[in-house]
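Asks: One structure, as structure tokens, below. Some questions next.
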Amino acid sequence: MDVDYRKTITSGTKRLVVKVGTSVITTKDGLLDTAQVAGISRQIVGLKRRGLEVAVVSSGAVGAGMGELGIRKRPSTLPDIQAAAAVGQSKLIGSYDDCFKTEGYHAGQILLTREDLEERCRYLNTSNTINALFGLKVIPVINENDTVSVEEISFSDNDILSVMVSNLLKAELLVMLSSVDGLYKRPDKGTGLIPLVEKITADIEGLASRSKTHLGMGGMESKLKAARTATNSGEAVIIANGRTPDVLTRVMDGEDLGTLFLPARRRLTSRKRWIGFTLRPKGRIYVDDGAFAALSKRGKSLLASGITDLDGGFERGDVVSISTIGNKDEFARGLTNYSSAELMKIKGHSSTSIKKILGSKPYDEVVHRDNMVLI
């Protein structure tokens, strides 16, 4: 059954994102493993020659910089991390470019911060640039711009960035190359590989190991979070060991490697992906059970009458999380038509009362269904 799923997904993939983890392309001493970069690059070019559009999200800049500078432990301060990235990024992209050139291709470097994807115009410009590269003999190699990123605008790790890039490009498949074979039933012992996950449930999330390499940022917990976002958007995800020989080629041939996470049946539009999984919420709205049922089961918009409370300060047009009262796990996210100050006045009231309370009523809906995504 799993093999059928794999072959259906891989044979139907025209565009994919490959995320390369730090441990996949660096040695135990933190030096850039040029043989590994060459092997991954060769496989990516092979997929390009099949007619696939491939974008690479590659970690390794900080690790490569650490190797060049003789640092054996990941820096703990932001300036030191940024300094290592500044040294390592050129070495990383240069290594990819050297490998691609032997096959007649070039590496196109794209460095991003969250702000680049949260601002709609820059988001679309990034998409246009990558699409232009697809039309040339260029393979986009994308990384976080560690040299300028700070906590407020960082992705936290490249697992999250790879999903945002997948959403940006509307890729059918995200392949995450890691130092492990996939998701295990016993992650502490590395046993019981799970070949297929149909839906990421609380039980599946409970299997995540919080371990991570001394050079990288993410662990299985981060990868499951990323996989959940990607599959909710309608993309498939495969987590596999990047040091398995010819892993990319074999995965795209439908071979049973790693763990496959099936996509949700619906594929979200590019705009809804941006609203639901790229923009960060500025606040939270709590709704009653009636509003929850209307939004989650009947496809309705959110009205002021169903709102019981809210947290945070936000303005019209900001993204807000939507939760049921007493439960902080969000079930939806959307663009609000009213500020937090306005909502404090109209929450619990009917739409017909808004004009009397505020003096005007620009919208009947607080969050319109067209600007809302179920999480």
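The values are calculated or read from the model by the stated rules, or taken from the named source; none is laboratory data. Please read these numbers as outputs of a predicted model, since none were measured by experiment. Glycine also receives a Cβ, built like all others from the backbone with ideal geometry; neighbour counts cover every protein chain displayed.
Asks: Which of the following residues is outside the structural domain of residue 13 (by TED's automatic domain parsing) and in contact with a helix residue (DSSP H, G or I) (Cβ under 6 Å, 6 or more places away or on another chain): 298, 333, 316?
Replies: 333
Asks: Could you please find all residues in the stretch 72-101 being loosely packed, with under 14 Cβ neighbours inside 10 Å and either closer than 15 Å to residue 25 by Cβ or at pLDDT 95 or above (or both)?
Replies: Selection gives 101 alone.
Asks: Going through the stretch 271-308 one residue at a time, which ones are among the hydrophobic types (A, V, I, L, M, F, W, C) and under 22 Å from residue 125 (Cα atoms)?
Replies: Hits for the stretch 271-308 are 274, 275, 277, 279.
Asks: Suppose we filter 181, 203 for residues that are part of a helix (DSSP H, G or I), in the same structural domain as residue 262 (by TED's automatic domain parsing) and at pLDDT 75 or above; which single one remains?
Replies: Being part of a helix (DSSP H, G or I), in the same structural domain as residue 262 (by TED's automatic domain parsing) and at pLDDT 75 or above holds for just one of 181, 203, which is 203.
Asks: What is the number of the single condition among (1) free of Cβ contacts under 8 Å to residues at least 40 places away in the same chain; (2) more than 22 Å from residue 247 (Cβ to Cβ) that residue 82 does not meet?
Replies: Among (1) free of Cβ contacts under 8 Å to residues at least 40 places away in the same chain; (2) more than 22 Å from residue 247 (Cβ to Cβ), the lone unmet condition for residue 82 is (1).
Asks: Right, another one. Among the residues of the stretch 278-295 satisfying the criterion of being among the basic types (Lys, Arg) and within 25 Å of residue 168 (Cβ to Cβ), which is surrounded by the fewest Cβ atoms within 10 Å (Cβ to Cβ)?
Replies: The extreme case among them is 280.
Asks: For the condition in contact with a helix residue (DSSP H, G or I) (Cβ under 7 Å, 6 or more places away or on another chain) and either touching a residue at least 40 places away in the same chain (Cβ under 8 Å) or not aliphatic (A, V, I, L, M) (or both), what is the one hit in 278, 259?
Replies: Every option except 278 fails the conditions.
Asks: If I filter the stretch 343-352 down to residues being farther than 17 Å from residue 294 by Cβ and in contact (Cβ under 8 Å) with a residue 24 or more places away in the chain, which single residue comes out as farthest from the chain's Cα centre (by Cα)? Before you say what the answer is, go through the steps one by one.
Replies: Our first condition is that a residue be farther than 17 Å from residue 294 by Cβ; within the stretch 343-352, this holds for 343-346, 352.
Narrowing further to those that are in contact (Cβ under 8 Å) with a residue 24 or more places away in the chain: 343-344, 346.
Working: 343: 31, 344: 33, 346: 35 Å.
Per the criteria, the residue is 346.
Asks: Condition test on residue 111, is it closer than 30 Å to residue 319 by Cα, outside any loop (DSSP other than H, G, I, E, B) and at pLDDT below 95?
Replies: Yes, satisfied.
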